[in-house]
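Have a look at the structure below, then the notes.
Just so it is clear, none of the values below were taken in a lab; they were calculated from the coordinates. Just so it is clear, the model here is predicted, and its values are computed rather than measured. All Cβ positions, glycine included, derive from the backbone under ideal geometry; neighbour counts span all protein chains shown.
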Amino acid sequence: MDPGWGGTDSTVNERGGGGETPKRNVPTLSERADEIERRQMQELGERMIGKSVLFNLANGKRIFSPRKYGVRLLMGDDSRLPPLPAKPTLLDFFRCRFDIVVQEHLLRSAALARKDGHSDKVVLACLLHDIASAGFIRADHGYWGAQLVEPYVDEDVSWAIRAHQALRFFPDASVGYEYPDLCRTMFGDDYRPGPYIVAAYMLKQRQS
Ligand SMILES: [Fe+2]
């Protein structure tokens, strides 16, 4: 019987037992994972994506994705994503690779900075400050984002991107900055930044 989801019609339980186990038509988790992987490989021209440990850490797993011997790894473009032009601009990354919510946040930040009459450096820093969250990695995104853009922007811009990671946790009345309600909502009232964040904040204070 075709179970309708493209997998096998299993009548045994996850441990392989039969006998007294009632018959079922519902695929097990591992069967569903295999089926998703099979479809994904078809979409990718019978190649598989070798996922990094970092990718799997997001799901609490400390593993590389298991290799399937005899199957080639995808080394070129991922056909599931919108294609980038041969010489992509920053706007192309916004359009084709970045998370839509973070895109809007970045564009709004830059627009507000421009409206308030800030310098081009500040506008650019606002446009790029969450670039790591938008397309790469969320945790400690200021440090990652600064490294991504460092070769291409003025050092004041990358400094600001790195600094916003730590400074956002510390209210500063001298510039009218209060601890954001959004941080309370996202991290909880009891959240305290780690020692490395505090150290980065202290360093920035000495530099300014
Ligand atoms: Fe941020």
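Could you please report the charge total around Arg47, scoring K, R as +1 and D, E as -1 over all other residues with beta-carbon less than 14 angstrom from its beta-carbon?
+2
For every other residue with a beta carbon closer than 13 angstrom to the beta carbon of Glu104, add +1 if it is Lys or Arg and -1 if Asp or Glu, then tell me the sum.
0
Compare Ser158, Ser174, Ser109 in a GNM of the chain, Cα atoms joined below 10 Å, and give the one with the largest fluctuation.
The residue with the greatest mean-square fluctuation here is Ser174.
To make sure I understand, if each residue's beta carbon is the centre and we count other beta carbons within 10 Å, what order do Leu128, Leu107, Leu44 fall in, fewest to most?
Ascending number of Cβ neighbours within 10 Å: Leu107, Leu44, Leu128.
Sum up the charges of everything whose Cβ sits under 10 Å from the Cβ of Asp120, counting Lys and Arg as +1 and Asp and Glu as -1, but leave Asp120 out.
It works out to a net charge of +1.
Using only DSSP helix segments of four residues or longer, with each worth -39500 (n - 2.57), what per-residue ellipticity at 222 nm results for the chain after dividing by its residue count and rounding to 500?
Estimated from H runs of four or more residues: -14000 deg cm²/dmol.
Taking 29 Å as the cut-off for C-alpha to C-alpha distance, list the pairs among Lys115/Lys204; Lys51/Lys121; Lys61/Lys87; Lys87/Lys121 that go past it.
Lys51/Lys121; Lys61/Lys87
So if I take the centroid of the Cα atoms in the range 110-124 and the same for the range 188-208, what is the distance between those two points in Å?
Result: 25 Å between the Cα centres.
Let me know the longest stretch in the chain that avoids all trypsin sites (Lys or Arg not before Pro) found in a DSSP loop with at most 10 other C-beta atoms within 10 Å.
So the longest stretch without any such site is 81-208.
For the chain, what does the relative contact order come out to in percent, with C-alpha contacts under 8 Å and a separation of six or more?
Relative contact order comes out at 9 percent.
So if I take the centroid of the Cα atoms in the range 39-57 and the same for the range 65-96, what is the distance between those two points in Å?
Cα centres, the range 39-57 to the range 65-96: 11 Å.
Tell me the label-point distance for the pair Leu73, Ala58, using the 7 Å Cα-to-Cβ offset, in nm and rounded to one decimal.
My value for the distance between the label points is 1.9 nm.
Measure of size requested: the Rg and Dmax of the chain, with Cα atoms as the atom set and Å as the unit; please supply both.
Radius of gyration, then largest Cα-Cα span, for the chain: 23.5, 76 Å.
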